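Read through the structure below, which is laid out as structure tokens, and then see the notes.
The values are calculated or read from the model by the stated rules, or taken from the named source; none is laboratory data. Worth saying up front: this structure is predicted, and the values here are computed from it rather than measured. Every residue, glycine as well, gets a Cβ built from its backbone with ideal geometry; the counts of neighbours run over all protein chains shown. Each accessible area value is taken on the protein alone, full model and side chains, heavy atoms only, with ligands, DNA and RNA left out. Shrake-Rupley method; radii C 1.70, N 1.55, O 1.52, S 1.80 Å.
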Amino acid sequence: MPPSWPHLRYSLYAPIYDLFAGRFARQRQRSLRLAGPGAQDRVLLVGAGTGLDLPELRACGEVLATDISPAMLARLSRRAARLGMTVKAQVMDAEALDAPDGHYTLVVLHLILAVVDDPIRTLREVERVLAPGGRVAVFDKFLPDGASPPGWRRALNVPLRWLATDINRRFADIVRYTQLRVAHDEPALWGGTFRVIQLVKPSDSAHHARS
Ligand SMILES: C[S@@+](CC[C@H](N)C(=O)[O-])C[C@H]1O[C@@H](n2cnc3c(N)ncnc32)[C@H](O)[C@@H]1O
């Protein structure tokens with residue numbers, strides 16, 4: 001079956017992606033430094049794109065970068081080689097991670113929860129593959145929790161969601177379907193439209209099987 005438009009579109013954008021996403025360097029750095037990646041970490045990048053987060057992960061022992069787009073991952077692999085990093089790159093759907101339960105100590109979700117079809121399913125998958133005590137680094141745009149989008153934002157979302165990303169998701173409506181705990185949440189850009197959020201999987205949380 002040929003790939004659907006939501007899966008194909010970022011492959012078309014791959015050659016020019018860094019022109020747009022390169023501007024978030026400071027926010028990526030902030031998010032990942034809060035997570036404090038180290039040599040002992042087993043890191044999973046979900047919707048990794050061209051690998052703009054890799055420079056902050058140089059110290060990590062194990063890095064698996066996943067994305068639905070082979071074109072994105074080809075660029076990511078070249079970046080990893082330039083940085084002298086050993087990074088495994090694998091085509092994978094964020095909503096059905098091909099990864100064992102409880103393996104990863106740090107999962108990076110930068111600019112992906114607003115892109116996938118089903119962010120709740122994605123975050124539940126992340127919770128499943130995360131080790132107890134593991135962290136999730138989120139950087140993305142959200143509506144303020146509890147807010148309704150004004151008319152202009154609903155209208156703008158129609159083409160934007162088709163082209164690239166949804167601007168009307170509320171983080172609280174996603175995370176409440178998991179046992180992940182919000183350890184930190186700060187405005188990052190555009191008056192808090194973009195946020196840097198750190199999640200932690202409680203050490204005693206029950207195992208969530210894939211639903
Ligand atoms: C806005 S980009 C973010 C890339 C990277 N995380 C960053 O911060 O620059 C969204 C990425 O998610 C990928 N993507 C979209 N849907 C996906 C899915 N269902 N599973 C995995 N990756 C997906 C796209 O191919 C694209 O590389």
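Here are some notes:
- Dipole of the range 5-200 [Lys/Arg +1, Asp/Glu -1 at C-beta], most positive-end residue of G47, T193, I174: T193
- The charge dipole of the range 35-179, taken about its Cα centre with unit charges on the Cβ atoms of Lys, Arg (+1), Asp and Glu (-1) only, comes to about 420 debye.
- Extension gain from L8 to L156, taking 0.36 nm per residue of separation minus the Cα-Cα distance: 51.1 nm
- Rounded percent of accessible protein surface that carbon and sulfur make up, the chain, 1.4 Å probe: 57 percent
- Under Karplus coefficients 6.51, -1.76 and 1.60, residue-wise ³J(HN,Hα) of the range 133-139 in Hz, glycine/proline x: x, x, 10, 10, 9, 10, 9
- At R0 = 35 Å, FRET efficiency that the Cβ-Cβ distance of D98 and E186 yields, to 0.05: 0.60
- Tensor-based shape of the chain (alpha-carbon gyration tensor, a/c under 1.5 rounded, otherwise prolate or oblate): rounded
- Counting 0.36 nm for each residue step from R23 to A81 and taking away their Cα separation leaves a gain of 18.7 nm.
- A Cβ-based charge dipole, computed about the Cα centre of the range 1-93 with Lys and Arg at +1 and Asp and Glu at -1, lands at about 340 debye.
- Computed from the C-beta positions of R170 and S205 and an R0 of 25 Å, the FRET efficiency is 0.65 to the nearest 0.05.
- About the centre of its Cα atoms, the range 118-204 shows a dipole size close to 160 debye [charges on the beta carbon of Lys, Arg (+1) and Asp, Glu (-1) only; nearest 20 debye].
- Relative contact order of the range 135-176, pairs being alpha-carbon contacts under 8 Å that are 6 or more residues apart, as %: 50 percent
- Looking at the chain, the accessible area is 47 square angstrom per residue; that uses a 1.4 Å probe and ignores ligands, DNA and RNA.
- Residues in the range 118-140 that a label on K88 would reach, taking backbone N under 13 Å of a point 7 Å out along Cα→Cβ: none
- Placed amide H near A183: partners under 5 Å, 5+ positions off or other chain: Q198, L199, V200
- Average Cα contact separation per residue, the range 5-200, under 8 Å, 6 or more apart, as relative contact order %: 19 percent
- The label point for A147 and the one for A39, both projected 7 Å from the Cα toward the Cβ, are 4.4 nm apart.
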